[in-house]
1. Output the qualifying pairs, or none if there are none: Cβ atoms under 9 angstrom, residues six or more apart or on different chains, first residue in the stretch 348-366 and at positive phi, second residue within 16 Å of the ligand (Cβ to nearest atom).
2. How many of the residues in the stretch 364-395 are open to solvent by 10 Å² or more (accessible area, probe 1.4 Å), within 15 Å of S436 (Cβ to Cβ) and of a type in the set (D, E, K, R)?
3. Assess whether G569 counts as being open to solvent by 10 Å² or more (accessible area, probe 1.4 Å), assigned to a helix (DSSP H, G or I) and within 16 Å of the ligand (Cβ to nearest atom).
4. Pick out the one residue from A559, A588 that is closer than 30 Å to D135 by Cβ, free of Cβ contacts under 8 Å to residues at least 40 places away in the same chain, open to solvent by less than 10 Å² (accessible area, probe 1.4 Å) and not in a loop (DSSP other than H, G, I, E, B).
5. Going through the stretch 64-78 one residue at a time, which ones are surrounded by 13 or more Cβ atoms within 10 Å (Cβ to Cβ) and not β-branched (V, I, T)?
6. Failed condition for I470, given (1) among the aliphatic types (A, V, I, L, M); (2) open to solvent by 10 Å² or more (accessible area, probe 1.4 Å); (3) under 30 Å from the mean Cα position of the chain (by Cα), with all others met?
7. Select from the stretch 480-497 the residues that are outside any loop (DSSP other than H, G, I, E, B), farther than 20 Å from S466 by Cβ and among the hydrophobic types (A, V, I, L, M, F, W, C) and write down the one among them that is farthest from the ligand (Cβ to nearest atom).
8. Just for the stretch 424-446: of the residues that are open to solvent by 10 Å² or more (accessible area, probe 1.4 Å) and part of a loop (DSSP other than H, G, I, E, B), which one is farthest from the ligand (Cβ to nearest atom)?
Amino acid sequence: MKLNLPNQRSSRGAGPSIGPLITVTEDRVFALGNSVFSYVFRVSAEGVLEHLYYGATLGAASDAPRHDRRVFQHVAINFDNQPNYNLNNICLEYPGAGRSDYRQSGLKVRNATGSGIVSLRYHSHRIVSEKPDLDDLPSSRGGDCETLIVTLVDEEFGLEIDLLYTVYRDYGVLARSARITNKGVGDVRLQDAASSVLDCPVGDYELLHLHGTWACEFNTERMRMPSGRFSINSTRGASSFAHHPFLALMEEGAGETHGAVFGTALVYSGNFKISAEKGEFGGVRVITSLSTPEFEWRLNPGETFQTPEALHVFSSGGLRRMSRFWHEFVRDKISPPAFRLKPRPTYLNSWESAYFDIDESKVLSLADCAKQVGVDMLVVDDGWFEGRTTNATSLGDWTGDKKRFPSGIPALAGLVREKGLKFGLWIEPEMISEASELYRAHPDWVLCAPGSTPSKARNQFILDLSRQEIADHVFNSVDALLSCGRIDYIKWDMNRPMSEVGSSAFPPEQQGEIAHRYMLGLYSVLRRLSDAYPDIIFENCASGGNRFDLGMLRYMPQAWISDMADPIGRLPIINGASLIYPLDVTSAYVPPSPNHQNGRATSIATRFLAGAFCAGRGLSLNADDIAADFDELSHWMTWARDTAPDFVGGEFTRIFFTDNEVCWQYSERSGARIYVVYFQILSGVNKPFARARLADVDPDSVYTLTETGERFRGDALMLSGVPLPYFPNRLDDDGLLYLEHGDFASCLLTFEKYKK
Ligand code: DGJ
């Protein structure tokens with residue numbers, strides 16, 4: 001069955017809407033929304049919160065059809081013994097457990113009697129004209145928004161649950177979370193605590209999610225929504241590259257530019273689960289939660305558990321519009337505000353040019369190369385601290401190696417800065433090597449379940465950040481490095497997943513809490529550091545994209561998306577990540593060729609252009625590599641520096657992505673310049689023209705294609721499009737423009753708004 005959708009108005013932000021964002025009728029219909037979406041639910045006669053509508057803006061949302069479903073069904077349970085009131089056939093806001101609804105519940109609890117039966121009924125509500133902070137968790141920032149807090153209670157259990165819904169005037173995002181308080185007299189064991197439950201009505205849906213592995217993150221998978229349950233999760237203690245905390249439920253057949261899409265993402269960096277379940281009566285329930293089978297939380301009387309925040313986006317304009325909503329929101333409400341429109345420095349990173357074979361004189365000679373080739377910052381990536389000549393040693397000992405860096409890191413930073421460069425440093429502060437002073441002093445600081453032997457990965461253990469004193473130590477050791485005041489950039493790495501999760505500092509009944517307590521410890525460190533050093537660019541990295549998520553982005557404006565530095569390997573990674581992330585939060589460098597991950601040889605242009613639309617752009621090449629291609633590298637680094645202001649705050653668009661051709665557009669935020677990159681993976685003969693139909697161009701303006709001097713009207717660029725790949729890079733003897741010959745070819749087109 002097709003979902004019947006009116007047109008959604010704006011494609012850029014939510015556009016103006018006047019009046020309240022949340023209204024409540026006397027008979028308790030809650031209507032939330034702005035000019036791009038409405039979200040409606042009500043309280044039933046039994047006090048159950050019934051979901052009524054989520055989709056494009058309704059003229060009178062609180063008049064949304066009430067869908068009364070009290071009809072006889074065979075073998076159905078009557079909730080509260082009310083005739084034909086069967087919760088299994090009703091869309092619910094936050095279902096309880098064990099009472100006539102057989103779909104998965106968002107809440108799983110056990111009290112001292114062993115009972116897990118929960119009936120959640122409306123108790124009260126209030127509306128606040130801001131967004132409350134979510135205790136110690138990262139969450140989207142407020143501003144011109146309203147929050148509805150609906151309190152549900154379970155009398156027998158003594159549970160009180162606040163459901164929080166924040167609607168922004170200018171964003172197509174609904175933020176939700178839940179606060180669960182034990183108002184009873186005995187302990188409660190929380191085994192699942194959903195951030196949100198989204199019940200979508202009967203329809204034919206498809207699912208889209210992101211999955212992958214090391215150096216192969218953000219693969220897009222799309223499938224028909226089956227009957228039963230599909231679920232993605234991480235139990236690795238990091239959001240992980242295996243599954244991403246994002247799921248889109250799509251109207252069947254929806255595409256890049258058409259159809260309804262319901263996108264869900266979690267603002268959290270640890271274990272998670274997002275499931276979609278098509279129940280007996282055809283509706284689909286999406287549950288977003290931090291809980292995995294390992295999770296359990298002891299809630300003592302009077303205590304509250306705050307779930308992470310789930311974000312929801314509705315688009316009636318396919319994936320492209322969904323991405324627009326995510327991009328604007330991530331940039332404005334998640335990323336640290338100081339970096340929102342801040343051009344990022346170009347950089348030379350030492351990793352793929354030197355690995356662990358690095359010392360002070362190499363750094364200084366790389367700094368000279370960096371200066372000559374026109375980059376802004378030198379980054380020492382790994383290998384700089386005491387004894388760190390392989391990955392088997394020294395994590396935890398964050399002082400410069402005395403032999404190889406005799407001047408010390410602060411002085412070295414000073415020397416690099418004297419050359420007119422910024423200075424950046426790699427750290428991995430959550431980790432500890434067995435061969436380290438820190439381990440010798442505190443072997444018990446390793447994250448490990450009581451009685452288990454911790455496993456190593458990349459020769460290292462994880463520090464137990466669920467313990468306050470260890471989180472404090474991590475803060476202090478990074479603070480000691482940064483306090484020299486000469487470090488402009490930090491690459492914060494995390495190179496292994498968790499295993500044997502537990503902590504000897506907690507009693508047996510709290511071992512299921514450790515993975516989440518670790519995240520709370522980490523977030524507290526990141527909050528303190530980003531507050532103390534607001535001007536440092538923190539770049540989040542976890543062997544590439546193993547913890548690339550909205551939680552980390554709340555503290556760090558940039559993230560290293562993948563260790564796949566080969567441009568062809570990186571194209572699908574950027575394409576997939578762009579479903580939710582603006583490229584403002586990403587970085588990329590020109591790696592050596594042949595590539596160190598997959599051995600592919602590619603041109604400098606293709607290596608640069610694959611990452612040209614990322615905010616952070618640079619090189620990871622040694623002095624010989626730089627000398628060999630100096631002019632071309634210098635051309636691109638100058639281009640990257642000159643265009644740096646354009647690549648923050650603009651709009652990224654996926655024009656097309658096929659097995660062999662990729663085309664992306666990036667519009668500078670005022671619309672004055674539009675950049676298009678095109679990649680042809682394998683060359684061929686007599687190929688048909690591809691057309692890049694550009695997006696959201698001013699139809700009445702004229703644009704100059706700066707590479708050829710030709711002029712085009714905006715409407716033609718959008719409707720007729722740019723023929724590819726015959727623009728522009730090379731002027732042949734016959735006077736025609738061709739793409740460079742051979743495999744892995746690429747070109748850049750720049751359209752400049754023509755001013756008469
Ligand atoms: C893994 C990262 O993803 C790489 O970019 C690099 O920083 C290494 N760690 C350094 O050990």
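1. Every condition considered, the pairs that remain are Y355/D381; Y355/D382; Y355/G383.
2. Result for the stretch 364-395: 1.
3. Criteria met by G569.
4. Among A559, A588, only A559 is closer than 30 Å to D135 by Cβ, free of Cβ contacts under 8 Å to residues at least 40 places away in the same chain, open to solvent by less than 10 Å² (accessible area, probe 1.4 Å) and not in a loop (DSSP other than H, G, I, E, B).
5. If the condition is that a residue be surrounded by 13 or more Cβ atoms within 10 Å (Cβ to Cβ) and not β-branched (V, I, T), then A64, R66, H67, R69, R70, Q73, A76, N78 are the ones that fit.
6. (2)
7. A480
8. H442
The values are calculated or read from the model by the stated rules, or taken from the named source; none is laboratory data. The shown structure was predicted, so the numbers you read here are calculated from the model rather than taken from an experiment. Cβ sites come from the backbone with ideal geometry, for glycine too, and all protein chains shown count toward neighbours. Surface accessibility is based on the protein's heavy atoms, side chains included, excluding ligands, DNA and RNA. Shrake-Rupley method; radii C 1.70, N 1.55, O 1.52, S 1.80 Å.
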